[in-house]
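To start, the structure under review is shown below, and the notes come after it.
The values are calculated or read from the model by the stated rules, or taken from the named source; none is laboratory data. Bear in mind the structure is a predicted one, so any value in this text is a computation, not a measurement. Every residue, glycine among them, receives a Cβ derived from its backbone with ideal geometry; neighbour counts consider all protein chains shown.
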Amino acid sequence: MILVFGKTGQVATELQRQAEVVALGRDQADLFDPQACAAIIADLKPNAVINAAAYTAVDTAEEEEATAQTINAAAPGAMAGACTHLDIPFLHISTDYVFDGTGPRAWVETDPVSPQNAYGRTKLAGEQAVRSTGANHIILRTAWVFSAHGNNFVKTMLRLSETRDALSVVNDQIGGPTPAADIAATLLTLTRAMQDGAKGGTYHYAGDSHTSWAGFAKSIFAQAGRDVTVTGIPSSDYPTPASRPLNSRLDCAKLASDFGITPADWQAGLAAVLKDLKA
């Protein structure tokens, strides 16, 4: 049995679509009570655990960092500790926000971390908590997640296009849009590999190739057949409570080398999501 923390989020939803897993929602697993989460693992004794739950409200985290710290750091640390006792794999999703978001090249796993906002700090603390338990774990950093479920950039752009024929979108933040379905498939492949004896570590997985938010928006409207003019603007013209990284590129070569998993074609993933939404 694979136990998944998270039920309605983008990756958790895709995990349930792709495999027989036991997914726990907030009513079953209280992330505000890390030891309760650990107790669930001890009681159910799964073969592996995937943590697909997180506090992801980036701007709100600036005012609720303690809450985000509990959910993004203390809870996964407790989960990983429980997995250590059972000697089972623990897989945890992290983010490019652990880096400082500068520079022109894709981040590799060994680059220095320096988060620039509260969300990034809590996710980094989660990574550190997981590693400190000694669990056989994989931390999978990803970025710009989208799907037909939950809240994400694709659904926001489609909603705005219903009432507007022109939009201004940030064009100086660069990253790889990543289909949640491909993250889920990657996590399941990694879970099987670890159950077969593979060792874990920290890995990057994001969509191929890199684009800006404005470029992503143009692709969404083109594929969806929406006649919307997109004007690129700098981040300084769209201030937010939490600073966003200008460079969200993730180098995925290590994952390809160790597990044969290559980055997702986000254009194909976008087509699949749009088809899913239409259906």
### Message
Considering only the stretch 261-279, I want to know if a residue exists there that is closer than 26 Å to A184 by Cβ, free of Cβ contacts under 8 Å to residues at least 24 places away in the same chain and basic (K, R).
### Response
yes
### Task
Could you check how many residues of the stretch 156-183 are surrounded by 14 or more Cβ atoms within 10 Å (Cβ to Cβ) and part of a strand (DSSP E or B)?
8
### Task
Say whether the condition of being in contact with a helix residue (DSSP H, G or I) (Cβ under 9 Å, 6 or more places away or on another chain), in a loop (DSSP other than H, G, I, E, B) and more than 22 Å from G9 (Cβ to Cβ) is met by at least one residue in the stretch 117-131.
no
### Task
Would you please name the residue that is farthest from V11 (Cα to Cα), looking only at residues in the stretch 54-112 that are under 17 Å from the mean Cα position of the chain (by Cα) and among the hydroxyl-bearing types (S, T, Y)?
Y97
### Query
Residues in the stretch 167-176: is at least one more than 25 Å from K123 (Cα to Cα), of a type in the set (A, V, I, L, M, F, W, C) and in contact (Cβ under 8 Å) with a residue 60 or more places away in the chain?
yes
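Can you name the helices (runs of 4 or more DSSP H) wholly within the stretch 184-279 that have at least 2 residues being farther than 25 Å from F99 by Cα and modelled with pLDDT of 95 or more? Reasoning before the result, please.
On the way: elements: 213-224, 253-259, 266-278.
The helices (runs of 4 or more DSSP H) meeting that bar are 213-224, 266-278.
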